[in-house]
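The values are calculated or read from the model by the stated rules, or taken from the named source; none is laboratory data. For clarity, every value in this text was computed on a predicted model and none was experimentally measured. Counting neighbours? That spans all protein chains shown, and the Cβs are built from the backbone with ideal geometry, glycine included.
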């Protein structure tokens, strides 16, 4: 990085000393002794050029003299606030020392000026997580992913795990499980990973430190089942073992049968999944996700009227859920109710504009209605989204993307 020399008043000799003496001369008498005592430390630092401070800071950092490095980097960014490397290293060093508010402030300065912030977004999100500033943390994790999730394997593991925890807390359980399943396949078992997967599987919108201790066994059993089901190759026998224990002890708890149904669905055991979703609805009659998944299973069986009925019930309970409107739109399209289908899919697009499967179905509906320009527009958006790697996409959406092609109708 090319660095300019600090202004001439710091180049040495009497020119450098003059400003310091002028400060002392202007000071009131009762602080004169303090100012004069400080001159030996202030004036040489002021005389030292920015380039020298930057070199000394890098030397201190590489020699693991962290306190010296922090002091020097702070001097450097004070002299030159546009020094990107200085803000980056300052934020990184603060983060390593668990000084998260200071790390957050420095990293925020860095990402505001750097053309390619890269892993800084992840460190920023992690700092904000530790500060309990969860809204900002989740936004910065997403920006990190949109930039390609750069960083070391260790950063990928730590940032991805904490992002998944926040997605669970936000109620985005499927997306959280997608991230956690990738970690299970890469790193194997850990108690923390099983707990996180259990919370997401049971749709408990909590961080690990927030939910009641008496529910830990239930969470652990669900997490172990989810963990073994997510491995490649899958270990469904072990997943079933933990799922059976879960049902044996907690069969009347909300979301337990729903989770069991998703495990069956994952193995394309749709009849068994239907039974579990129906059992969930016996316990939780307003369980919109169970209605949506039940509708999906009826779509697979080409029982479109039943699918539409369950999906419509889900939209009434959870009108903001794009998946419910999407499934209802698919069912209506399959039964020839094309205008109603388009309306439902338009709602889904408004709620999830970056979903390629929804765009595909809406394009198909427009095509059947003879709305050629709108169909072409939606197919173009579908194609662009399909080419762009999704930051988060559920396994069901990925499978649909593999099946759907422009020009295909359903």
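So, residue 178, is that one surrounded by 21 or more Cβ atoms within 10 Å (Cβ to Cβ), within 23 Å of residue 207 (Cβ to Cβ) and at pLDDT below 95 or not? Spelling it out, residue 178 is indeed surrounded by 21 or more Cβ atoms within 10 Å (Cβ to Cβ), within 23 Å of residue 207 (Cβ to Cβ) and at pLDDT below 95.
Restricting to region 116-140, what's the tally of residues that are surrounded by fewer than 22 Cβ atoms within 10 Å (Cβ to Cβ) and in contact with a helix residue (DSSP H, G or I) (Cβ under 9 Å, 6 or more places away or on another chain)? Give the derivation first.
So in region 116-140, the residues surrounded by fewer than 22 Cβ atoms within 10 Å (Cβ to Cβ) come out as 116, 118-119, 130-136, 138-139.
Remaining after also requiring in contact with a helix residue (DSSP H, G or I) (Cβ under 9 Å, 6 or more places away or on another chain): 118-119, 130-131, 133-136, 138-139.
Residues that pass the stated criteria total 10.
Could you tell me which residue of region 144-153 is surrounded by the fewest Cβ atoms within 10 Å (Cβ to Cβ), considering only residues that are touching a residue at least 24 places away in the same chain (Cβ under 8 Å) and assigned to a helix (DSSP H, G or I)? Top of the filtered list is 146. Going through (1) assigned to a helix (DSSP H, G or I); (2) surrounded by fewer than 19 Cβ atoms within 10 Å (Cβ to Cβ) one by one, residue 298 falls short only on (2).
The set of residues from region 342-387 being closer than 14 Å to residue 323 by Cβ and either touching a residue at least 40 places away in the same chain (Cβ under 8 Å) or not assigned by TED's automatic domain parsing to the domain that holds residue 314 (or both) comprises 355, 356, 357, 361. Residue pairs whose Cβ atoms lie under 7 Å apart, separated by 6 or more positions or on different chains, with the first residue in region 117-129 and on the phi > 0 side of the Ramachandran plot and the second assigned to a loop (DSSP other than H, G, I, E, B), are 118/147; 118/150.
Across region 256-295, which residue is surrounded by the most Cβ atoms within 10 Å (Cβ to Cβ) among those that are closer than 16 Å to residue 224 by Cβ and at pLDDT 95 or above? If you could, list the steps in order and put the result at the bottom.
Here is the first cut: in region 256-295, the ones closer than 16 Å to residue 224 by Cβ are 256, 259-260, 262-263, 266.
Restricting the remaining residues to those that are at pLDDT 95 or above gives 256, 259-260, 262-263.
Details: 256: 24, 259: 22, 260: 26, 262: 21, 263: 23.
Filtering first and then ranking leaves 260.
Exactly one residue out of 344, 340 is at pLDDT 95 or above, surrounded by fewer than 22 Cβ atoms within 10 Å (Cβ to Cβ) and farther than 16 Å from residue 281 by Cβ: that is 340. The selection criterion, being outside the structural domain of residue 351 (by TED's automatic domain parsing), modelled with pLDDT of 95 or more and more than 18 Å from the chain's Cα centre (by Cα), holds for residue 217.
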